[in-house]
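The values are calculated or read from the model by the stated rules, or taken from the named source; none is laboratory data. Predicted model, so just to flag it, every value in this text is computed and none were measured. When we count neighbours, we look across all protein chains shown, and the Cβ atoms used for this are built from the backbone with ideal geometry, even at glycine.
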Amino acid sequence: MVLCFIAFFVFAVMSIFSAKYRPLAKEGFRCVFRTLMMKPCDTGLDERIKADVVSAVLKYSPPLAKVINGHFAALSWLFVIITLASFAYTAVGVYNFYVYGNCDGPQAIGACILNDITGDYGRFSEPTDLIPPTALDGMAAGNASANVTIIEFGCFTCPYTKKAESTMKTLLQRYNGTIYYVFKPFPLPNHPYSQDAARAVLCAYRQNKSWELQDEIFRQQQVCSEEGALALKPLAQNAGLDMAAFNRCFDNNETGAELERYVQEGRDAHIYATPTFFINGKPLVGPKPIEEFEKAIAEAGG
Amino acid sequence: MNGIRRDFPLLGANPQLVYLDSACTSLKPAQVIDAETSYYTQLGACGGRSSHALGRKTTEKTEEARENVARFVGAEASGLVWTRNTTEGLNMVASGLDYSKRRKVVTSVMEHHAVLLPFMKLRDRGQIRLEIVGCESDGTVSAGRWAQAIDRETALVVTNSGTNTTGWKGNAREVAKIAHDSGALICIDGAQGVAHGRTDFRRDDFDFLCFSGHKMLGPTGIGALVSKRQLLDRLEPLMSGGGTVKAVSGGKIDPMNDQTRFEAGVQHYGGILGLAAACDYLKKIGMEKVEAHEKTLGMALRRELEAVDAVIYGPADAAGHSALYSFNLKGKPHDLALMLDRQGIAVRSGFFCAQPALEALGANDGAVRASCYVYNTVDEVNKFGEALRKLRQLY
């Protein structure tokens, strides 16, 4: 009878597309309803499913069919639990996608998938399609004449960009003077206030305090995503910025054109997720383990 | 029996089907289907009422059918009342008899619900005293048990001329004699018996015989109650209405004085013609041949069931046994029937509308029933056995 829960769901979905499944969906519903009312299922749907499954398996493996036949109720429960768990997992994924722009949530290793900007959906496994940018303008750190250049496209309200920040800081310390790091803001439209955060950090960069502000923003990323400018200004103050200059820059959208240029670079590079790194042109998508960066740096001659 | 299968369109359309559920309802040959259809294509009118040509023709054909069907069971047409099925006939007898002088009705635990329920209802209303005779461990009901229960208080004895649970053909003729010796009437549930063996209403000295068309190759929705002519006059009709009266005038009813007083409303003329065609079909084969064929099939069925160590309900003796067996393997009967169905074998599972009978046999969760008829072959029974052997691996 427990199998009717799954049958109802499956047949209900299938009956949207084909009328022949509607009687089965009705049977499933009746069975579910009766089960919830603590009455035995009287449709026989579960018995027919059992007969179908066991008969099909019997053709190929009588011993397996015997196991299924003998433990069908227990297997049904297991199947239902697995199915419900997968539904729950899917629901969490959908929630994460809605809130964080990815299915795995803020703590997962991954990247914030894009995107309305480039339209390059679903190419997560094909970073070879990425085109390295040629311009080195952006928020830079390290030795401009170093052999190895790391360009990052990131979004300040993306949890994965936040995750990668500590890796970048470590690399800048570890490869002191031998790498050149350029951050190009690439605010994702599906992250609230990502544009504001990017403009704010560009304003801070003018005061040579971009790291300080982005540290603050990453620390309060959730609040920034919820409140935008209301949160960004106190954070700018915490970061020790000249607030008069910052307010002028931010309120007058002085960095808007600059930001649009970086976004266009991202479009041209076919960025589909943040953070995306180019290490001497070789792309890496997502906050990869530091070892991968080190390997890429070594390959680049660093 | 060679070539019979060609007459059955359903078998032609489903050549892989092994239909072993004839005790529930039989398949229909083209001759029966054509006869039933002929009413709609060639007659289409009311019988016994309309005086136009089609009406007269309908009356003529249905009365010919009455003669034909009555002859098939060795009875007179004047004692044959059309019913929807066996159940309706049994209800007509149960509710139509007068129990004021003798209140006792005797039947057995091996009967179909169609027998038991109408009389249990009368018992619950206090109109009769009902005695239900038990059975032996193999489901047979001995003459001794009947004789012990039937006495001078007994108005009616009801039993079958073939059970739908064990395939035992019963001892209806013997029971009829015991009943008559005590002055009681005998009513036979002929649902299985008429379909699977020669029935002679007069020779066997039955008082009432009820049977259905659909179990004997005929259409659904048509059956008959056969009665001794003089007993019909003692029977109160179950229903009244159009066609049952000569006149209704001055507030008084003047009922018909023949069997049509039981046939209220327009009848199932197509079904009547189909049932007559079924009788013709079976007569053409010969009921002796039908019985012999079923005996062969029955023995094959038993052999296959024994080969898988099935629990078989009913007498072990093949004599007096039709090609019908109820059985169980380990596991639920319904599951087994469903899995046989997936292998193209149609059988029945459950209590077969005879729960007291199956419980008396120890099949408290029901059983699986395989039942054959004229169109089945030994090859099909072998396929059934093969499927059972495969399914036995599940237990």
Quiz item: Hey, among the residues in segment B:299-313 that are crowded, with 21+ Cβ neighbours inside 10 Å and of a type outside the set (Lys, Arg), which one's farthest from B:Val381 (Cα to Cα)?
Solution: B:Tyr313
Quiz item: Only one residue in B:Ala65, B:Ala114, B:Ala75, B:Ala94 is closer than 26 Å to B:Gln42 by Cα and either aliphatic (A, V, I, L, M) or surrounded by fewer than 24 Cβ atoms within 10 Å (Cβ to Cβ) (or both), so which one is that?
Solution: B:Ala65
Quiz item: Within segment B:336-371, can you find the residues that are under 17 Å from A:Gly44 (Cβ atoms) and β-branched (Val, Ile, Thr)?
Solution: B:Val347, B:Val368
Practice problem: Could you list all residues from segment B:233-266 that are free of Cβ contacts under 8 Å to residues at least 24 places away in the same chain, surrounded by 15 or more Cβ atoms within 10 Å (Cβ to Cβ) and either out of contact with any helix residue (DSSP H, G or I) (no Cβ under 6 Å at 6 or more places or on another chain) or at positive phi (or both)? | Solution: B:Val245, B:Met256
Self-check item: Pick from segment B:321-339, criterion more than 11 Å from every other protein chain (Cβ to nearest Cβ) and surrounded by fewer than 22 Cβ atoms within 10 Å (Cβ to Cβ), ranking: modelled with the highest pLDDT
Solution: B:Asn328
Practice problem: Working carefully through the options B:Gly350, B:Gly331, B:Gly320, B:Gly286, find the one that is in contact with a Pro (Cβ under 9 Å, 6 or more places away or on another chain) and at positive phi. | Solution: B:Gly350
Practice problem: Just name the residue that is surrounded by the most Cβ atoms within 10 Å (Cβ to Cβ) out of those in segment A:145-193 that are more than 20 Å from the chain's Cα centre (by Cα) and part of a loop (DSSP other than H, G, I, E, B). | Solution: A:Tyr175
Practice problem: Check segment A:29-36 and report whether any residue there is within 14 Å of chain B (Cβ to nearest Cβ) and either loosely packed, with under 12 Cβ neighbours inside 10 Å or without any contact (Cβ under 8 Å) to a residue 24 or more places away in the chain (or both). | Solution: no
Exercise. Give the residue, chosen from A:Leu213, A:Leu202, that is crowded, with 22+ Cβ neighbours inside 10 Å and farther than 21 Å from A:Glu265 by Cβ.
Key: A:Leu213
Practice problem: List the helices (runs of 4 or more DSSP H) that sit entirely inside segment A:237-302 and contain at least 2 residues that are within 18 Å of A:Val148 (Cβ to Cβ). | Solution: A:290-299
Exercise. Inspect segment B:48-55 for any residue being in a loop (DSSP other than H, G, I, E, B) and assigned by TED's automatic domain parsing to the domain that holds B:Tyr373 and give the result as yes or no.
Key: no
Quiz item: Which residues, taken from segment A:64-77, are more than 7 Å from chain B (Cβ to nearest Cβ) and either touching a residue at least 40 places away in the same chain (Cβ under 8 Å) or hydrophobic (A, V, I, L, M, F, W, C) (or both)?
Solution: A:Leu64, A:Val67, A:Ile68, A:Phe72, A:Ala73, A:Ala74, A:Leu75, A:Ser76, A:Trp77
Practice problem: Filter segment B:122-142 down to residues that are of a type outside the set (D, E, K, R) and over 21 Å from B:Ala354 (Cα atoms) and give me whichever is surrounded by the fewest Cβ atoms within 10 Å (Cβ to Cβ). | Solution: B:Gly126
Quiz item: Restricting the search to segment B:170-203, which residues are more than 20 Å from B:Met120 (Cα to Cα), crowded, with 21+ Cβ neighbours inside 10 Å and of a type in the set (D, E, K, R)?
Solution: none
Quiz item: Is it true that A:Asn253 is at negative phi and surrounded by fewer than 22 Cβ atoms within 10 Å (Cβ to Cβ)?
Solution: no
Quiz prompt | Lone unmet requirement of (1) charged (D, E, K, R); (2) under 21 Å from B:Asp7 (Cα atoms); (3) surrounded by 21 or more Cβ atoms within 10 Å (Cβ to Cβ) for B:Glu288 | solution = (3)
Quiz item: Here are A:Ser61, A:Ser55: which of them is surrounded by 18 or more Cβ atoms within 10 Å (Cβ to Cβ) and either of a type outside the set (Lys, Arg) or touching a residue at least 60 places away in the same chain (Cβ under 8 Å) (or both)?
Solution: A:Ser55
Quiz prompt | Unmet criterion (only one of (1) more than 30 Å from B:Val374 (Cα to Cα); (2) out of contact with any strand residue (DSSP E or B) (no Cβ under 7 Å at 6 or more places or on another chain)) for B:Met256 | solution = (2)
Quiz item: Is segment B:370-385 home to any residue that is surrounded by 24 or more Cβ atoms within 10 Å (Cβ to Cβ), closer than 19 Å to B:Leu297 by Cβ and within 14 Å of chain A (Cβ to nearest Cβ)?
Solution: no
